[in-house]
Amino acid sequence: MDSHLLRYDNKKTLVFIDCETFNLCLNSCHNLPWQVAMIKVTGDKIIASKDFLIKWDTKLKIGEEAARITRYSEKAMEKKGVPPEEAFPTIQDWLDDADHIVGHNILGFDIYLIKDYYKHMGLDYRHLMHKIIDTNCLARGIKYDLPYKQEQGLLTYQYKVVHQRRRRGVKSNLAYMGKEFDIKHDYSKLHNALVDLELNVKVWDKLKWQVDI
Amino acid sequence: MTYLRNLDTLLLVDGTIPLFKSHYSIGRSILTLNSPDDVKENGPDSVIDICVKNDLEKFLLVEDGMAGFLQAYTNAKENNLQLIYGIRMTVCQDLTEKSDESRSNSCKYIVFAKTSEGYSRLIKIYSIAAKDGFYYEPRADFDLLRKNWSDKDLSLCVPFYDSFIFKNVLTTSMAVPEFNFTSPTFFLEENDLPFDSLIADAVDSFASTGNKRETVKTKSIYYKDKKDFKSYLTFRCINNRSSLERPNLDHMCSDEFCFESWENANG
């Protein structure tokens, strides 16, 4: 009866994406993604992953605290960093071809960086919006007892959750959700985009049974 | 006073209507209402100066209160500009009810004055909203609007952001409109925000069902050029007691709320 639900669909491709950035500003005038990691999942299987360190031609510098939290390494950037133009075709291919784009707080943060990245490349990002699944929104929706009704549309529902006033004591960050779901993971390495994404995949595997998408 | 003519005439223009806001709407715009003579090279940009330099004969100024009116009127008149002044105000179900629920179910409307009589009516509405309806901010209700309404003198518009449609679609609040005293005009904007299309679809859907409503394309303008976004963001961060590194301002991502963007779209 529920065979139409995404949790039973083994053919759909989900691309999980996470960006590490210089700071928390939502516009490229003051912030850029220096790491973009993606994991491609079909059904329950991870079929590919990508991890780009992106070397922007910019005067922007990562702050000390942000560098510490996100484990930014100038040496790694010098060694492995690629220009944004080199990383973009793969990112675009993956996102444009995905049936769904998944991220934790992607609607509250990453989408703005992705938007400006597309803009930097002279492209429009808006076709991605209706594919987005924000696991932070889904988690908060469950915690706030806001059930998802399919007729309202997933993106609209997620924005309703985004705009819901935060309630004291209700946590839904990735590490917290992982621990709440008793997920085994190396939590000490979080804030590396790829490590975050691996946890994000596991959190999605739990959440998808609680929301009828 | 003859400075306010018919808003309806202005709304018939092709293209997108620029909606200016000045620094009199505290924390919302970095544009001033200074006369072009008072604009300094590295100083803040002025709505009046922008209009004069770009041959706009009339302009809509949408403020959060009445404070900027005198300077806008004086400098518009000196520069032969037609000012159409409106207040973007919070409208709730009952302005005497001061509760969290009442706040969450309130939304924004814009009331434009079209005539001198409209100006008097607008002042009366805003004064009561600020005195009797004040709860965190001035609030009107539909009773207040209805009692002071005259289609000849005032025009009701539904802004693109924070309207009842925005609230009902993108939040869990439920704002109920009452349009039994006038027929509002619905504004449509495109500012490259990720949810713009969701609101636009909802506005189109609402406006095209039942009593068909007029929709017009508008552009809210808070700074002159795209490059000024960083200054605008800095200003917003200062007002928010936050920083550029952590602005803590929801959806503050678009550099499209500027005159340059309007100009690009309208040649």
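The values are calculated or read from the model by the stated rules, or taken from the named source; none is laboratory data. On a predicted model such as this, the values are computed, not experimentally measured, just so you know. Counting neighbours? That spans all protein chains shown, and the Cβs are built from the backbone with ideal geometry, glycine included.
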Which residues, counting only those in region A:114-133, are within 11 Å of chain B (Cβ to nearest Cβ) and either within 20 Å of B:LEU170 (Cα to Cα) or crowded, with 16+ Cβ neighbours inside 10 Å (or both)? A:ILE114, A:LYS115, A:ASP116, A:TYR118, A:TYR125, A:ARG126, A:HIS127, A:LEU128, A:MET129, A:HIS130, A:ILE132
So which pairs qualify, if the first residue must be in region A:152-179 and basic (Lys, Arg), the second must be in a loop (DSSP other than H, G, I, E, B), the Cβ gap must be under 9 Å, and the two must be at least 6 apart or on different chains? A:LYS160/A:LEU146; A:LYS160/B:THR171; A:LYS160/B:THR172; A:ARG167/A:TYR144; A:LYS179/A:HIS185
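Quick test for you: out of A:VAL211, A:VAL203, A:VAL195, pick the one residue that is out of contact with any strand residue (DSSP E or B) (no Cβ under 7 Å at 6 or more places or on another chain), away from chain B (no Cβ under 14 Å), farther than 30 Å from A:ARG71 by Cα and of a type in the set (Val, Ile, Thr). First the steps, then the outcome.
Details: A:VAL203 fails: farther than 30 Å from A:ARG71 by Cα; A:VAL195 fails: farther than 30 Å from A:ARG71 by Cα.
When all the criteria are applied, what remains is A:VAL211.
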Which residues, taken from region B:37-59, are more than 22 Å from B:PHE235 (Cβ to Cβ) and either among the polar types (S, T, N, Q) or not in a loop (DSSP other than H, G, I, E, B) (or both)? B:ASP37, B:VAL52, B:LYS53, B:ASN54, B:LYS58
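Conditions (1) of a type in the set (A, V, I, L, M); (2) part of a loop (DSSP other than H, G, I, E, B), marked per residue:
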position	(1), (2)
A:ALA175	yes, no
A:GLY178	no, no
A:ASP182	no, yes
A:SER188	no, no
A:VAL195	yes, no
A:LEU199	yes, no
A:TRP204	no, no
A:GLN210	no, yes
Specify the residue that is surrounded by the fewest Cβ atoms within 10 Å (Cβ to Cβ); the eligible residues are those in region B:175-197 that are closer than 23 Å to A:LYS119 by Cα and out of contact with any helix residue (DSSP H, G or I) (no Cβ under 6 Å at 6 or more places or on another chain). B:SER197
Flag if B:ALA67 is among the hydrophobic types (A, V, I, L, M, F, W, C) and surrounded by fewer than 16 Cβ atoms within 10 Å (Cβ to Cβ): yes
Within region A:144-174, take every residue that is more than 9 Å from chain B (Cβ to nearest Cβ) and surrounded by 16 or more Cβ atoms within 10 Å (Cβ to Cβ) and give me the one that is nearest to A:ILE111 (Cα to Cα). A:GLN158
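So for region B:93-108 (the condition being touching a Gly at 6+ places or on another chain (Cβ under 8 Å) and either within 18 Å of B:SER22 (Cα to Cα) or surrounded by 21 or more Cβ atoms within 10 Å (Cβ to Cβ) (or both)), does at least one residue qualify? Write out each step before concluding.
Of the residues in region B:93-108, the ones touching a Gly at 6+ places or on another chain (Cβ under 8 Å) are B:95-96.
With the extra rule that they be either within 18 Å of B:SER22 (Cα to Cα) or surrounded by 21 or more Cβ atoms within 10 Å (Cβ to Cβ) (or both), the set shrinks to B:95.
Taking every residue of region B:93-108 in turn, at least one turns out to be touching a Gly at 6+ places or on another chain (Cβ under 8 Å) and either within 18 Å of B:SER22 (Cα to Cα) or surrounded by 21 or more Cβ atoms within 10 Å (Cβ to Cβ) (or both).
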So, first residue of a type in the set (Gly, Ala, Ser) in region B:224-236, second residue crowded, with 21+ Cβ neighbours inside 10 Å and modelled with pLDDT under 95, Cβ within less than 8 Å, six or more apart or across chains; the pairs are none
I'd like to verify a number: residues in region B:204-237 that are crowded, with 16+ Cβ neighbours inside 10 Å and touching a helix residue (DSSP H, G or I) at 6+ places or on another chain (Cβ under 7 Å), how many? 10
Residue list for region A:77-130, restricted to those being outside any helix (DSSP H, G or I), free of Cβ contacts under 8 Å to residues at least 60 places away in the same chain and either over 26 Å from B:ASN191 (Cβ atoms) or over 17 Å from the mean Cα position of the chain (by Cα) (or both): A:GLY81, A:VAL82, A:PRO83, A:MET121, A:GLY122, A:LEU123, A:ASP124
Looking at (1) buried (at least 21 other Cβ atoms within 10 Å of the Cβ); (2) under 15 Å from B:ALA67 (Cα atoms), which is the only condition B:PHE160 fails? (2)
Condition first: away from chain B (no Cβ under 14 Å), closer than 25 Å to A:LYS80 by Cα and among the aromatic types (Phe, Trp, Tyr). Now tell me which residues in region A:4-33 satisfy that. A:PHE16
Residues of region A:59-81 being touching a His at 6+ places or on another chain (Cβ under 9 Å) and within 11 Å of chain B (Cβ to nearest Cβ), in sequence order, are A:LEU60
Per the list (1) at pLDDT 95 or above; (2) more than 26 Å from B:GLN71 (Cβ to Cβ), residue check on B:SER173 breaks on (1)
Would you be able to say whether some residue in region B:234-249 is within 19 Å of the chain's Cα centre (by Cα) and within 23 Å of B:CYS92 (Cβ to Cβ)? no
A:ILE54 versus (1) touching a Pro at 6+ places or on another chain (Cβ under 6 Å); (2) without any contact (Cβ under 8 Å) to a residue 60 or more places away in the chain; (3) within 13 Å of chain B (Cβ to nearest Cβ): which is the lone unmet condition? (3)
Where in region B:149-267 are there helices (runs of 4 or more DSSP H), lying fully within it, with 3 or more residues that are within 13 Å of chain A (Cβ to nearest Cβ) and not aliphatic (A, V, I, L, M)? B:164-170, B:196-208, B:229-239
